[in-house]
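Just so you know, all these numbers are worked out from the coordinates, no wet-lab data involved. These numbers were taken from a predicted model, which means no experiment stands behind them. Cβ atoms come from the backbone with ideal geometry, glycine included; neighbour counts cover every protein chain shown.
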Amino acid sequence: MKENIYTKILIKKPVIIAEAGVNHNGFKSIGRKLIDAAKRAGADCIKFQTYKSNKLTTKNAKRFWSWEGERKKKGTQHDSYSVLDSFGLKEYKYLADYCKKKKIEFQSTPFDVDSVKLLEKLKVKTYKIASCDITNHQLITEVAKTRKPIFLSTGAANVSEIKDAIKIINKYHKKIVIMHCTLCYPTKVLDANLKSINYLKKKFPKYSIGLSDHTLETLTPVLAVSMGALAIEKHFTINKKLKKSADHWLSVDEKELTKIVKDAKFANLALGEEKKVPLNCELLAKKNARRSLVSNGKIIKGEKFTFKNLICKRPGNGIPANKYFKFIGKKAKRNYEYDELINE
């Protein structure tokens, strides 16, 4: 399998996905700037969204978010999504080709079957299933048929719904990353619920766990990595003050994403392994900082070791201090001067 963000996860290397969504505002030039900025920040992947409003929502579906920048203040979901659904194969190919040139993985979330077909023409390496589609078995089936790794977002889902989605994917493959997510835009810190990462690890031990983060913080993803998350997805923009897309203001910018990448790598390195043994870096200190049995005065051969003539001192390359009580009452096998390591 050629390297992609999923193969990196297989070797326990956390990946950072810059969720650009439709923050390109319908312009390839902005899409290109997003790719450049994500690459500079150190992201492994930049993810867009592929949809057509007519296939995503009815014209009367109510909005479930509040954003003062809406063109139609009392409009519908359809009104909002139709503003940014102009990109087709030509535009996405442009972005995908530019990602290849910049050596950052291109990914896009499909929201309908035709979008999957479009992305297949671009030969994407991995797919994302949005939280809102965890029960969209038609779409999940279509994506699973590609037999490519799937990042399965689980915002607002229960375990039964997650299991159902996984069962469908498993008919075709088992390359799944389960993404913990809170489906609130933005997510308050008290709703981040990062302990769900440990819960999902226990509930689905065969799969890697990640975080699709909607908080406004840069610390949340780092905490997730420290808990074992191997994929971090974070909304991303080049300018939080841009209009048109409702995601700009709740996204991180290049400076913040750079910090997340750096700190996530630090957290992963600091995690180490799930075992407790002396590390190579500790051996010198272990040898010299631990204590050994030492004579606390002259000891004559045949004399018994006592609490008075036996003490524990550094270094630790003699008889270890944990043998102290076993030596009390034993007879010395040779003469010892003061401050000698016992070498019985």
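Miscellaneous remarks
- Maximal additional length on extending the LYS326-LEU219 stretch stands at 33.4 nm, based on 0.36 nm per residue less the C-alpha distance.
- Spin-label zone in region 232-256 - amide nitrogen under 17 Å from a point set 7 Å from the Cα of ARG32 along the C-beta vector: 238
- Set the Cα radius of gyration of region 171-285 against 2.2 N^0.38 Å, with N its number of residues, and you get 1.26.
- Its residue count N sets the reference 2.2 N^0.38 Å, and the alpha-carbon radius of gyration of region 280-327 equals 1.28 times that reference.
- Angle between the chain longest axis and helix 254-271 axis [Cα atoms, degrees, rounded to 10]: 40 degrees
- Candidates THR218, THR57, THR182: whichever shows maximal mean-square fluctuation once the chain is modelled as a Gaussian network with Cα springs under 10 Å: THR57
- Of the residues ILE197, TYR81, LEU139, the one whose Cα sits farthest toward the positive end of the charge dipole of region 5-271, with +1 on the Cβ of Lys and Arg and -1 on the Cβ of Asp and Glu, is LEU139.
- The Cα atoms of region 26-140 cover 41, 33, 24 Å along the three principal axes, with the biggest extent listed first.
- Where chymotrypsin sites (Phe, Trp or Tyr not before Pro) fall in DSSP loop in region 32-82, at most 14 other Cβ within 10 Å: PHE64, TRP65
- Cβ-placed point charges (K, R +1; D, E -1), dipole of region 170-283 about Cα centre in debye, nearest 20: 460 debye
- Highest-MSF residue in the chain out of ARG314, ARG147, ARG40 [GNM, Cα springs under 10 Å]: ARG314
- The angle separating the long axis of helix 89-102 from the principal Cα axis of greatest extent in the chain is about 30 degrees.
- Taking the three principal axes of the alpha carbon atoms in region 198-266, the coordinate ranges are 42, 25, 14 Å, sorted in descending order.
- Using alpha-carbon coordinates, inclination of helix 159-170 to the longest axis of the chain, degrees: 80 degrees
- Only the Cβ atoms of Lys and Arg (+1) and of Asp and Glu (-1) were treated as charged; on that basis the dipole of the chain about its Cα centre amounts to roughly 1120 debye.
- Histogrammed with a bin width of 5 Å, the alpha carbon distances of region 248-344 distribute as 3, 12, 16, 13, 8, 7, 6, 6, 5, 5, 5, 4, 4, 3, 2, 1, 0 percent, first bin at zero.
- Relative contact order, whole percent, for the chain stands at 15, derived from Cα pairs under 8 Å and 6 or more residues apart.
- Value in Å of the Kirkwood radius, where the chain supplies the Cα pairs that are averaged: 23.2 Å
- Label-to-label distance, ASN60 versus SER86, with points set 7 angstrom from Cα along the beta-carbon direction: 3.0 nm.
- Farthest towards the positive end of the charge dipole of the chain, among the residues CYS312, LEU10, ILE104, is the Cα of CYS312, using unit charges on the Cβ of Lys, Arg, Asp and Glu.
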